[in-house]
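The values are calculated or read from the model by the stated rules, or taken from the named source; none is laboratory data. For clarity, every value in this text was computed on a predicted model and none was experimentally measured. Note that we place each Cβ from the backbone using ideal geometry, even for glycine, and neighbour counts take in every protein chain shown. Heads up: the accessible areas ignore ligands, DNA and RNA and are worked out on the full protein's heavy atoms, side chains in. Shrake-Rupley method; radii C 1.70, N 1.55, O 1.52, S 1.80 Å.
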Amino acid sequence: MDTLYSARASVLVNGSPTIEFDCSRGLRQGDPLSPFLFVIAMEALTGIMKKAVSDRIFKGVRCTNEGPILSHFIYADDVIFIGEWSSHNDLNLRRILTCFYLTSVLKMYLSKCSIFGVGVGDQRVQDMATSLHCKRGSLPFKHLGLVVGANMNLVKNWKPVVEAFRSRLALWKAKQLSYGG
C-alpha cells in the first residue's frame, strides 16, 4: 500500500515535465504497476488452488499415473479451471472464488464464463452452468486464437493457423522490401 500512496508523478507538456504531484486515486487501467499487482493476485489464487487440491477440497485432473494434479491454468487475465465432474467440485469452486473475491476484490464475472464437459451429457453440463451462473460451452471452441477440442488430423482445422501465419509473414516480407528494390 505504501507503493500506491507514496507515488508521485508529473506530466510531459511539449517535452518538459510539470511540477510533481501526489497520486491519490490508486491504480487505473493501463498503469505500469497493474500487471505486477495482477500477477501477485494470481499467485495467491494458485496458492489457494494448490491448498484446495492437497486438502482434497477440489479434485483436479491427473495427467498420468504418477504425474501432477492439474487444477487450473492462468494466462494473462484468463483462468481455466479443470477438475473432476462432481457437485462437490462445483460447490467448492464457487466457495473458493467467493473467498478469493473477498480477499482480493478481483471479481470474476461468471456470466461471461463458460463451462465445458468432456465425456459428460449436455443436460449435466447445462445444470452445472445454471448452478454456476455461467454459459454452457460446446466443443470445439477458440481460446487465444487456437481451436480447442477439434480433430487436428483434419486439414480444415489447421486453416486458421496457416492463415494467421500467412498474414503475419506478408507483413514481415513487406517490411523487408526496400523502396529502391
**Asked** Taking helices (runs of 4 or more DSSP H) that do not extend beyond segment 62-181, which have at least 1 residues that are open to solvent by 100 Å² or more (accessible area, probe 1.4 Å) and within 28 Å of L37 (Cβ to Cβ)?
**Response** 87-104
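Restricting the search to segment 74-85, which residues are modelled with pLDDT of 90 or more and out of contact with any Leu (no Cβ under 8 Å at 6 or more places or on another chain)? Reasoning before the result, please.
Pass one, segment 74-85, residues modelled with pLDDT of 90 or more: 81-85.
Answer for segment 74-85, where residues must be modelled with pLDDT of 90 or more and out of contact with any Leu (no Cβ under 8 Å at 6 or more places or on another chain): E84, W85.
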**Asked** For segment 132-181, which residues satisfy the criterion of being modelled with pLDDT under 85 and over 23 Å from Y75 (Cβ atoms)?
**Response** A170, L171, W172, K173, A174, K175, Q176, L177, S178, Y179, G180, G181
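Among the residues of segment 52-95, what is the count of those that are within 18 Å of the chain's Cα centre (by Cα), over 20 Å from D127 (Cβ atoms) and of a type outside the set (G, A, S)? Explain how you work it out, then say what you get.
Residues of segment 52-95 within 18 Å of the chain's Cα centre (by Cα): 60, 70-83, 93-94.
When the remaining residues are screened for being over 20 Å from D127 (Cβ atoms), the result is 60, 70-80.
Among the residues that remain, those that are also of a type outside the set (G, A, S) are: 70, 72-75, 77-80.
Final tally of qualifying residues: 9.
For segment 126-136, state whether one or more residues are among the aliphatic types (A, V, I, L, M) and farther than 17 Å from N92 by Cα.
Just the residues of segment 126-136 that are among the aliphatic types (A, V, I, L, M), to begin with: 128-129, 132.
Subsequent filtering for residues that are farther than 17 Å from N92 by Cα retains none.
Within segment 126-136, not a single residue is among the aliphatic types (A, V, I, L, M) and farther than 17 Å from N92 by Cα.
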**Residue, nearest to the chain's Cα centre (by Cα), within segment 119-137, restricted to residues that are closer than 23 Å to L97 by Cα and without any contact (Cβ under 8 Å) to a residue 24 or more places away in the chain** = G137
